[in-house]
1. Cβ-Cβ distance below 8 Å, separation of 6 or more or different chains: which pairs start in the range A:46-75 with a residue that is at positive phi and aliphatic (A, V, I, L, M) and end on one that is at pLDDT below 95 and surrounded by 16 or more Cβ atoms within 10 Å (Cβ to Cβ)?
2. With B:Ala100, B:Ala129 as the choices, which residue is at pLDDT 95 or above and farther than 16 Å from B:Gly59 by Cβ?
3. What number of residues within the range A:86-96 are away from chain B (no Cβ under 11 Å) and more than 15 Å from A:Asp52 (Cα to Cα)?
4. Would you mind telling me which numbered condition in (1) in a helix (DSSP H, G or I); (2) free of Cβ contacts under 8 Å to residues at least 40 places away in the same chain B:Val159 fails?
5. Quick check, is A:Ala83 more than 14 Å from chain B (Cβ to nearest Cβ), under 18 Å from A:Leu142 (Cβ atoms), surrounded by fewer than 23 Cβ atoms within 10 Å (Cβ to Cβ) and of a type in the set (A, V, I, L, M)?
6. Confirm whether B:Gly212 is closer than 24 Å to B:Val47 by Cα and either more than 14 Å from chain A (Cβ to nearest Cβ) or acidic (Asp, Glu) (or both).
7. Any idea which of B:Ala126, B:Ala105, B:Ala145 is over 16 Å from the mean Cα position of the chain (by Cα) and in a loop (DSSP other than H, G, I, E, B)?
8. Taking into account only those residues within the range B:41-62 that are part of a loop (DSSP other than H, G, I, E, B), over 13 Å from the mean Cα position of the chain (by Cα) and of a type in the set (D, E, K, R), which is modelled with the lowest pLDDT?
Amino acid sequence: MIRRLVVVPPVPALLPRYASLTDPVADLRRSATFVVGAMTREAEEVSIVGDDPFAEPVGRALLDATGFAGRIGDDAEVVLAMANGSAKRGEKAPGHLDERAFEFDDVVDAALRSGDPRRLAALDPESGAELWASGIGVLRDLAPRLEGTWRVSVPYADAPYGVLWWVAAWVAD
Amino acid sequence: MTLRLGRHEFADDRTLMMAIVNRTPDSFFDRGATWAEDAAFERVRQVVDEGAEIVDIGGIKAAPGEEIDAEEEKRRVVDFVARVRREWPQIVISVDTWRAEVARAVCEAGADLINDAWGGADPALAEVAAEFDVALVCTHTGGVAPRTRPHRIEYEDVVAAAIESTVTQAERAVSLGVDPDSILIDPAHDFGKNTFHSLEVTRRLDEMVATGWPVLVSLSNKDFVGESLDRPVGERLPGTLAATAVAATAGARVFRVHQVPQTRDVVDMAWTIAGRRKPARAIRGLA
């Protein structure tokens with residue numbers, strides 16, 4: 001059973017090999033590193049789940065950045081869910097503008113802030129795929145493993161480049 | 001290896017712009033534009049604003065011409081060095097001179113680096129660098145006397161000659177007490193070299209870099225660019241920048257230039273392509 005869930009976006013710019021002189025994702029990196037560090041510090045094992053080719057490497061990079069010394073395996077009690085909202089939130093967004101993106105992201109945002117696993121279970125991965133979101137099906141599929149009540153914090157929610165990113169922490173009561 | 005230039009230190013992933021400041025009435029590129037002291041001072045202000053890390057102050061043009069004795073050379077550069085030192089403590093001051101007597105005077109006035117463009121013509125120059133703990137540029141001129149043009153000079157292997165000469169001078173300087181972190185080597189394009197020699201030195205610059213001594217190149221608007229493209233002085237910037245890109249890719253560290261911003265961009269781009277410098281800010285496709 002999952003005891004701690006961290007939602008962070010699989011943003012390739014977080015990888016060391018894609019570092020710039022001036023970090024274009026400094027705020028996201030700061031928040032994601034802080035939350036991942038706080039949520040995994042005591043863990044012996046962490047799982048990384050996602051449906052994007054960057055999910056696993058970005059998850060590992062964030063763990064490395066926090067000095068995580070445990071194992072990465074399946075079915076751990078601490079999970080990094082690599083997910084983000086639509087990448088179609090503007091004319092300069094990676095997927096250009098799709099007006100449906102905002103309503104879709106609002107639904108995901110509300111679910112992430114609710115602490116209610118049933119809201120995650122109700123997310124719509126098909127719309128997510130159409131709107132270039134990532135990890136929506138993964139969040140939905142985690143819901144059955146999130147029993148009980150949860151304390152939630154969402155220290156980061158922003159779309160500086162047309163993709164909605166969250167850093168969210170769920171801790172089982 | 002950290003590069004130490006007098007009061008200043010630079011990490012080994014840094015490239016440096018050395019801006020030319022002529023206190024001469026007759027240098028080939030600016031034709032006396034900064035002969036007046038205030039004009040030269042404004043030139044320093046401009047290149048500092050443009051981001052140059054080093055100014056290279058010279059009182060004698062490289063080409064043959066009116067004889068300038070040491071007294072006149074000192075009149076042109078010593079007080080000027082002191083004035084630049086007071087106004088810009090953060091800039092590296094280099095002085096382009098082959099004379100130990102002049103080097104001593106400018107070191108007392110605050111110079112950080114002696115650019116011995118004539119290949120050790122005055123053997124006492126390195127001793128002055130050691131005495132004042134300043135940096136030294138060791139150049140290859142093929143043995144010609146200062147301010148003489150190359151005439152029917154030939155080399156069995158110009159690059160091997162340049163390496164042999166500059167490394168020998170560098171090692172001699174170390175033996176005299178110059179800090180090994182304060183020595184640069186320069187193949188000296190067009191000094192004791194025809195255009196074919198300068199082109200070969202450019203093409204094979206990686207061999208000089210492989211010596212481990214940091215390499216300075218002085219390519220700016222020179223005749224090997226002009227003869228390669230059939231362009232007069234004033235129309236050599238694109239050719240200069242192409243040669244700069246090749247030298248930067250090979251790993252040259254210091255670039256002696258007239259045009260600072262353009263050279264800075266070319267060097268940064270070449271080093272970024274080579275993987276020695278990160279992009280300034282890359283997010284396209286990575287969000």
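The values are calculated or read from the model by the stated rules, or taken from the named source; none is laboratory data. Not measured: the values here are computed from a predicted model. With ideal geometry, Cβ positions are generated from the backbone for all residues, glycine too; neighbour counts draw on all protein chains shown.
1. none
2. Values: B:Ala100 fails: farther than 16 Å from B:Gly59 by Cβ.
After applying the criteria, what remains is B:Ala129.
3. Let us first name the residues in the range A:86-96 that are away from chain B (no Cβ under 11 Å), namely A:86, A:88, A:90-91, A:96.
Right, trim to more than 15 Å from A:Asp52 (Cα to Cα) and you get A:88, A:90-91, A:96.
Total satisfying the criteria: 4.
4. For B:Val159, the failing item is (2).
5. Values: more than 14 Å from chain B (Cβ to nearest Cβ): yes; under 18 Å from A:Leu142 (Cβ atoms): yes; surrounded by fewer than 23 Cβ atoms within 10 Å (Cβ to Cβ): no; of a type in the set (A, V, I, L, M): yes.
Answer is no for this residue.
6. On the way: closer than 24 Å to B:Val47 by Cα: no; either more than 14 Å from chain A (Cβ to nearest Cβ) or acidic (Asp, Glu) (or both): yes.
Here the answer is no, as B:Gly212 does not meet what is asked.
7. Values: B:Ala126 fails: in a loop (DSSP other than H, G, I, E, B); B:Ala105 fails: in a loop (DSSP other than H, G, I, E, B).
Criteria check complete, one pass: B:Ala145.
8. To start, the set of residues in the range B:41-62 that are part of a loop (DSSP other than H, G, I, E, B) comprises B:50-53, B:59-62.
This time we only want the ones that are over 13 Å from the mean Cα position of the chain (by Cα), so: B:50-51, B:59-61.
The next check asks that each one be of a type in the set (D, E, K, R); those that pass are B:50, B:61.
Details: B:Glu50: 98, B:Lys61: 89.
By that ranking, first place goes to B:Lys61.
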